[in-house]
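> For reference, the structure I am asking about is given below.
Read-outs: derived from the displayed coordinates by stated rules, not from any lab. Since we're looking at a predicted model, the values are computed, not measured. Because the Cβ atoms are built from the backbone with ideal geometry, glycine has one as well, and the counts that use them run over all protein chains shown.
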Amino acid sequence: MNTTILRKSVLGIAGLAFAGGLAAGPLHHATTTGTGTVDARPVAAVQADKTADAGKLIPHGVQGTQSRIDLDAEQTANAKAIIAATKKTGLDERAAVISIGTALQESKLQNLGHLGDRNDHDSLGLFQQRPSSGWGSPEQITDPQYATTAFLKGLRQVDGWQDMPLTDAAQTVQVSAYPDAYAQWEQQAADLVTQHWNNS
């Protein structure tokens, strides 16, 4: 099946289908080809004490059509928790953009418990990580700080992640059945990092 048909199939799935929920473990070697790159739209709502550098947050421009969802208080708190955990590990805003974009695809920034048949295997939490694949215990991977730190540990093991498009970096860690699906969240992830980096 070609990438265009596959992408349309993924984007046509309604609700929380968890298209990226096949996180197989903390370190994997996979490569994907992205879709055509378009210029990033300006990062929205820059705080007065932060000058956003779109070139740093989205160095390759966004890829493909971007999706956006309205976040409730819990989802916003989860985005802030991802940013705080990223800062605690000593990584920069780009790592936070990749992390939030991944969590937007995997869970829509909801810290999900086990959903039975509506979920992929034993995937849990913001990143849909699997206890059976070595990500941690169910209690650990439903803790946003732990889950983010585990994702970032996997990301750090990817050679050149800083220079990859978001979807390629996320896919190398997550090993999703739908590798290009992460790309659609890059702009919203960058906007969230711009909005919350200094207060998380």
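> Using r as the Cβ-Cβ distance of residue 110 and residue 65, and R0 as 25 Å, what FRET efficiency do you calculate, to the nearest 0.05?
That pair, residue 110 with residue 65, gives E of 0.65.
> List nothing, just return the count: lysine pairs in the stretch 76-200, 8 or more apart or interchain, with Cα separation under 18 Å.
Lysine pairs meeting both conditions in the stretch 76-200 amount to 4.
> Next question, about the same structure. Tally Lys and Arg at +1 and Asp and Glu at -1 over the other residues with C-beta under 9 Å from the C-beta of residue 125: what net charge comes out?
Spelling it out: positives minus negatives among the neighbours equals -2.
> What fraction of the Cα pairs in the stretch 100-200, stated in percent, has a spacing above 22 angstrom?
For the stretch 100-200, the share of Cα pairs beyond 22 Å comes to 26 percent.
> Give, as a single signed number, the net charge of other residues whose beta carbon lies under 13 Å from the beta carbon of residue 70, with Lys and Arg counted +1 and Asp and Glu -1.
Cβ neighbours under 13 Å give a net charge of -1.
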